[in-house]
Amino acid sequence: MREKKKRNILFLFICALIRLFYRRPVFIGAEKLPEEPCVLVGNHTQMNGPIIGELYFPGKPTIWCAGEMMRFKEVPAYAYTDFWSFKPRWQRPFFKLLSYLITPLSVLLFNNARTIAVYHDTRLVTTYRASIETLREGSSILIFPEKNERWNNILYEFQDKFIDLARFYYKKTGKALSFVPVYNAPALHETIIGDPIPFDPARPIDGERARLCAALKDAITAMAVSLPEHTVVPYRNIPKRLYPKNIPCEVYTHEETGR
């Protein structure tokens, strides 16, 4: 059994402060959550997804977090590349400085939150090991798998290796893990939970990655466009004037790059 984190007092104070200013969303479809632990897959919406996951999500899932954001030496390079490298050139020196300034806060927050460090190198095995243990202890896992490649006006493309978690879980437990689509709509103060999509252990893993990612993206998009018209908070940190709407015909433009 994993050792429970002893939460820093400053972290708890920051969480209490955020609750004062960040409105709790209405959760629609929470009754669809499986009784067994599952993998929740949502749109990142910049910091909105992690805040909702940590403070308000039903069942208090454990959240996959970029491991680089949890280590002093790795935060600046990762934060700048992932959040701000596409800012206009004249703004980039400021954001490079900011990437260093946020390092202590990043390390504090992400090491005290309910997180599992995620890596994309040889350390990935530790991510899977901790995740399997978490699931076996009865906690669901919340993942925001978007990467910097536009898929539609609602989502960016998914990194697909998180699907492998179901393969390892099946080998350990003999149980088929379910993936549950989640759409965060900060503009409406709503979080929509969709129908679980089970992993099929009889299929080749490459095919399951493609099938499940496509099904999850389609489900999240369908939930988004079914809602009243609203502004979508995209994965990428672009100017707010370029945020898309949830209407099906909405698309990003070349202005998104900010160059």
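Things to note:
- Selection count, segment 59-110, where residues are open to solvent by 60 Å² or more (accessible area, probe 1.4 Å) and outside any loop (DSSP other than H, G, I, E, B): 14
- Failed condition for Phe27, given (1) closer than 27 Å to Leu101 by Cα; (2) out of contact with any helix residue (DSSP H, G or I) (no Cβ under 7 Å at 6 or more places or on another chain); (3) outside any loop (DSSP other than H, G, I, E, B): (1)
For (1) open to solvent by 90 Å² or more (accessible area, probe 1.4 Å); (2) among the small types (Gly, Ala, Ser); (3) in contact (Cβ under 8 Å) with a residue 12 or more places away in the chain, each residue gets a yes or a no:
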{"site": "Arg7", "(1), (2), (3)": "no, no, yes"}
{"site": "Ile18", "(1), (2), (3)": "no, no, yes"}
{"site": "Arg24", "(1), (2), (3)": "yes, no, yes"}
{"site": "Glu31", "(1), (2), (3)": "yes, no, no"}
{"site": "Pro34", "(1), (2), (3)": "no, no, yes"}
{"site": "Gly42", "(1), (2), (3)": "no, yes, yes"}
{"site": "Pro50", "(1), (2), (3)": "no, no, yes"}
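- Scanning segment 75-101 for residues being at pLDDT 95 or above and under 28 Å from Ser139 (Cβ atoms) gives a total of 1.
- Strands (runs of 3 or more DSSP E) fully within segment 114-158 counting 1 or more residues that are hydroxyl-bearing (Ser, Thr, Tyr) and either loosely packed, with under 14 Cβ neighbours inside 10 Å or over 15 Å from the mean Cα position of the chain (by Cα) (or both): none
- Here the condition is being surrounded by 15 or more Cβ atoms within 10 Å (Cβ to Cβ), in a helix (DSSP H, G or I), in contact with a His (Cβ under 7 Å, 6 or more places away or on another chain) and touching a residue at least 12 places away in the same chain (Cβ under 8 Å); of Ala219, Ala187, it holds for Ala187 alone.
- Positions within segment 223-251 being modelled with pLDDT under 90 and either under 21 Å from the mean Cα position of the chain (by Cα) or not in a loop (DSSP other than H, G, I, E, B) (or both), in sequence order: Asn237, Ile238, Pro239
- Residues that are assigned to a helix (DSSP H, G or I) and touching a strand residue (DSSP E or B) at 6+ places or on another chain (Cβ under 8 Å) were ranked within segment 199-216; the one that is nearest to Pro181 (Cα to Cα) is Leu216.
Condition check ((1) more than 25 Å from Val182 (Cα to Cα); (2) of a type in the set (S, T, N, Q)) across all residues:
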| position | (1), (2) |
| --- | --- |
| Gly49 | no, no |
| Cys65 | no, no |
| Trp90 | yes, no |
| Phe94 | yes, no |
| Ser99 | yes, yes |
| Pro104 | yes, no |
| Arg114 | no, no |
| Leu124 | no, no |
| Arg129 | no, no |
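The values are calculated or read from the model by the stated rules, or taken from the named source; none is laboratory data. A quick note: this is a predicted structure, and the numbers were derived from the prediction, not measured. Neighbour counts run over all protein chains shown; Cβ positions are idealised from the backbone, glycine included. With ligands, DNA and RNA removed, areas are computed over all heavy atoms of the protein, side chains included. Shrake-Rupley method; radii C 1.70, N 1.55, O 1.52, S 1.80 Å.
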